[in-house]
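One structure is given below, encoded as structure tokens.
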Amino acid sequence: MFTNGCFDILHAGHIRYLEDARALGDMLVLGVNSDSSTRRLKGPSRPIVPEDERAEAVAALRSVDYVTVFEEDTPVETIRILKPDIHVKGGDYRAGDLPETPVVESYGGKVVIVPFSRGLSTTSIIERIRGAV
């Protein structure tokens with residue numbers, strides 16, 4: 001299995017999502033967006049945590065077997081190389097909207113959407129911190 005994301009400030013929503021993803025199979029490879037990719041996706045003030053530290057933090061989780069950092073905005077190239085049987089995304093996505101879906105389906109894989117924890121997001125954490133200062 002493969003999943004991906006920025007994982008800028010690791011929180012309980014990430015943990016739950018990765019545990020749900022890992023429960024779908026024998027091994028979970030996690031693609032972490034690089035600093036430049038995260039900046040393009042999230043804006044100039046992100047990431048808060050550098051890519052090497054984000055990769056180290058998620059690698060320490062029992063649900064994650066391997067971590068790779070990718071430079072692109074989507075993990076399409078990483079998926080083309082790894083060809084995971086299952087590509088997992090959180091419930092705030094729809095398989096039909098993902099640029100990864102045609103690639104995964106082209107070799108017989110499937111995209112699985114797992115529920116995500118509402119109200120638990122890096123953006124909401126950053127907003128709470130900003131409001132507290």
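Some notes on this structure:
- Residue selected from segment 28-45 under the condition within 15 Å of the chain's Cα centre (by Cα) and assigned to a loop (DSSP other than H, G, I, E, B), by the criterion surrounded by the fewest Cβ atoms within 10 Å (Cβ to Cβ): Ser34
- Qualifying residue in segment 13-26 (condition: of a type outside the set (Phe, Trp, Tyr), crowded, with 17+ Cβ neighbours inside 10 Å and either touching a Cys at 6+ places or on another chain (Cβ under 9 Å) or not in a helix (DSSP H, G or I) (or both)): no
- Here Val49 does not qualify as without any contact (Cβ under 8 Å) to a residue 60 or more places away in the chain and closer than 23 Å to Ile113 by Cα.
No value in this document is a laboratory result; all are computed from the given coordinates. Everything quoted here is computed from the prediction, not taken from an experiment. As a convention, Cβ positions derive from the backbone with ideal geometry for all residues, glycine included, and neighbour counts pool all protein chains shown.
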